[in-house]
Amino acid sequence: MASNDLALEREESVDAASGDDAALPVHDGDPVMNPDEASASDDGEPPHRTDWWGEIKGLFWLVIAVLGFHTLIAKPFYIPSESMLPGLLVGDRLIVTKYPYGYSFVSPTFHVLPFIHGRLFGRMPQRGDVVILTPPGKETDYIKRVIGLPGETIEGRGGTVYINGKPIQRTAEGPKLIPVDANSRCDRGQYPGRRIEGEDGKLYCRLPIYRETLTNGRSYETVDLGRTVADDFGPVHIPEGHVFLMGDNRDNSADSRFPVADGGLGGPVPWENIGGRAEFIPFSLNGSETWNPATWFGAFRSGRAGKTLHPSPGKQ
């Protein structure tokens with residue numbers, strides 16, 4: 001009987017431990033979870049839901065901040081043409097600041113505003129500045145150099161530019177070799193006889209370079225391929241609030257020398273159409289890049305990053 005009583009006592013002890021009133025000891029300060037909370041946790045429901053409205057508002061303000069920076073401070077641009085050779089190559093990326101000349105209807109990132117006369121905090125560009133502009137009646141951005149200012153008379157004779165009857169100083173510097181690549185092809189139609197093989201076995205575009213020095217002492221390189229119809233123009237009087245713009249690649253640039261019907265700017269351009277000043281090149285691509293990231297590093301042109309787009313300084 002003693003052994004049976006002992007077995008019974010053990011069974012009663014087990015029954016007591018598994019009953020409804022059984023509980024683990026709880027110490028002061030221990031968290032207690034009610035059955036509903038435990039069930040929710042076991043079901044795997046997230047403790048917090050995503051605030052989609054908050055995410056959308058955050059993204060909206062980020063876009064506004066980027067557009068505001070591009071409108072008021074600076075914006076990156078891409079060079080798609082050879083009109084500013086030899087200083088700018090197709091594939092160059094450049095930074096354009098928006099504030100040097102104040103703000104106009106073309107300052108916003110997207111050209112959606114109608115023409116508005118004048119500029120906010122306006123200042124006329126300096127002669128020799130490289131500027132971004134949106135020609136009247138167009139939405140495409142151009143890049144050119146400021147040559148003539150308001151009130152002046154400008155004329156071209158045999159490739160030399162005259163301002164108020166005085167020629168811009170022009171000095172031959174000899175040929176420059178521009179490497180040929182997928183972006184700079186040195187097309188034989190535009191540059192006949194200029195595509196050559198260098199001593200290193202690579203192809204180059206051999207371009208004749210002339211340095212122009214303006215009346216304020218600022219200077220820059222231009223390309224002159226020889227006698228063309230672009231060498232003679234004017235005389236043209238530049239109205240108030242306008243500037244006369246030219247590309248550095250003088251025989252392959254649609255600029256103020258040519259009418260709109262021929263793809264040019266149709267003469268002097270209102271200063272309201274100038275969007276900003278070109279500052280420097282952060283990097284340049286030779287056109288060999290694809291969607292494959294492995295091709296990106298090899299597409300970078302050496303020696304282009306950090307190149308300034310300001311003319312060589314002179315007296316201001």
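The values are calculated or read from the model by the stated rules, or taken from the named source; none is laboratory data. Computed from a prediction, not measured in an experiment: that's the story for all the values here. Backbone-built Cβ (ideal geometry, glycine too); neighbour counts: all protein chains shown. Only protein heavy atoms, including side chains, enter the accessible area calculation; ligands, DNA and RNA are left aside. Shrake-Rupley method; radii C 1.70, N 1.55, O 1.52, S 1.80 Å.
Residues being under 15 Å from the mean Cα position of the chain (by Cα) and buried (at least 18 other Cβ atoms within 10 Å of the Cβ): count how many of those fall in region 85-105.
8
Inspect all residues belonging to region 222-235 and state whether any of them is surrounded by 13 or more Cβ atoms within 10 Å (Cβ to Cβ) and of a type in the set (Lys, Arg).
No, the conditions are met nowhere in region 222-235.
Lys98 fails exactly one of the following numbered conditions: (1) over 30 Å from Ala261 (Cβ atoms); (2) basic (Lys, Arg); (3) without any contact (Cβ under 8 Å) to a residue 40 or more places away in the chain. What is the number of that condition?
(3)
Enumerate the pairs (first residue in region 177-203 and farther than 18 Å from Asn252 by Cα and assigned to a loop (DSSP other than H, G, I, E, B); second residue anywhere and open to solvent by less than 90 Å² (accessible area, probe 1.4 Å) and aliphatic (A, V, I, L, M)) with beta-carbon separation below 8 Å, excluding pairs fewer than 6 apart on the same chain, so at least 6 apart or on different chains.
Gly198/Leu177; Lys202/Val180
Quick check on region 257-316: of everything there that is open to solvent by 70 Å² or more (accessible area, probe 1.4 Å) and of a type in the set (Ser, Thr, Tyr), which residue is farthest from Thr215 (Cα to Cα)?
Thr290
For region 253-297, give me each residue that is within 21 Å of the chain's Cα centre (by Cα), of a type in the set (Gly, Ala, Ser) and farther than 27 Å from Met124 by Cβ.
Ser284, Gly287, Ser288
Whether any residue in region 91-100 is in a loop (DSSP other than H, G, I, E, B) and of a type in the set (Asp, Glu) is what I want to check.
Within region 91-100, the first condition is being in a loop (DSSP other than H, G, I, E, B), and the residues that meet it are 91, 98-100.
Still in the running and of a type in the set (Asp, Glu): none.
For region 91-100, residues in a loop (DSSP other than H, G, I, E, B) and of a type in the set (Asp, Glu): absent.
Would you mention how many residues in region 217-238 are of a type outside the set (A, V, I, L, M, F, W, C) and out of contact with any strand residue (DSSP E or B) (no Cβ under 7 Å at 6 or more places or on another chain)? Let's see the steps before the verdict.
First pass over region 217-238, keeping only residues of a type outside the set (A, V, I, L, M, F, W, C): 217-222, 224, 226-228, 231-232, 234-235, 237.
With out of contact with any strand residue (DSSP E or B) (no Cβ under 7 Å at 6 or more places or on another chain) added as a condition, the list becomes 217, 226-228.
The qualifying residues number 4.
For residues that are within 30 Å of the chain's Cα centre (by Cα) and without any contact (Cβ under 8 Å) to a residue 40 or more places away in the chain, scanning just region 131-174, find the one that is farthest from Ile281 (Cα to Cα).
Residues of region 131-174 within 30 Å of the chain's Cα centre (by Cα): 131-150.
Now restrict to residues that are without any contact (Cβ under 8 Å) to a residue 40 or more places away in the chain: 138-140.
Numbers: Lys138: 25, Glu139: 23, Thr140: 20 Å.
Only one residue tops the list, namely Lys138.
Anything in region 143-198 that is within 26 Å of Leu133 (Cα to Cα), in contact with a Gly (Cβ under 9 Å, 6 or more places away or on another chain) and among the small types (Gly, Ala, Ser)? List them, or say none.
Answer for region 143-198, where residues must be within 26 Å of Leu133 (Cα to Cα), in contact with a Gly (Cβ under 9 Å, 6 or more places away or on another chain) and among the small types (Gly, Ala, Ser): Gly156, Gly159, Ser184.
Out of region 160-204, which residues are among the basic types (Lys, Arg) and in contact with a strand residue (DSSP E or B) (Cβ under 7 Å, 6 or more places away or on another chain)? I'd like the intermediate steps shown before the answer.
Pass one, region 160-204, residues among the basic types (Lys, Arg): 166, 170, 176, 185, 188, 194-195, 202.
Of everything in region 160-204, those that are among the basic types (Lys, Arg) and in contact with a strand residue (DSSP E or B) (Cβ under 7 Å, 6 or more places away or on another chain) turn out to be Arg170, Lys176, Arg188, Arg194, Arg195, Lys202.
Can you work out which of the residues in region 106-159 that are on the phi > 0 side of the Ramachandran plot and out of contact with any strand residue (DSSP E or B) (no Cβ under 9 Å at 6 or more places or on another chain) is most open to solvent (accessible area, probe 1.4 Å)? Spell out the reasoning first.
So in region 106-159, the residues on the phi > 0 side of the Ramachandran plot come out as 118, 121, 128, 137, 151, 158-159.
Cutting the leftovers down to out of contact with any strand residue (DSSP E or B) (no Cβ under 9 Å at 6 or more places or on another chain) gives us 118, 137, 158.
Values: Gly118: 22, Gly137: 91, Gly158: 39 Å².
If we take residues in region 106-159 being on the phi > 0 side of the Ramachandran plot and out of contact with any strand residue (DSSP E or B) (no Cβ under 9 Å at 6 or more places or on another chain), then Gly137 is most open to solvent (accessible area, probe 1.4 Å).
Would you please name the residue that is most open to solvent (accessible area, probe 1.4 Å), looking only at residues in region 49-77 that are among the aliphatic types (A, V, I, L, M) and not in a helix (DSSP H, G or I)? Even if it seems obvious, please write down each step before you answer.
Of region 49-77, the ones among the aliphatic types (A, V, I, L, M) are 56, 59, 62-67, 72-74.
From what is left, the residues that are not in a helix (DSSP H, G or I) are 73-74.
Details: Ile73: 70, Ala74: 13 Å².
Per the criteria, the residue is Ile73.
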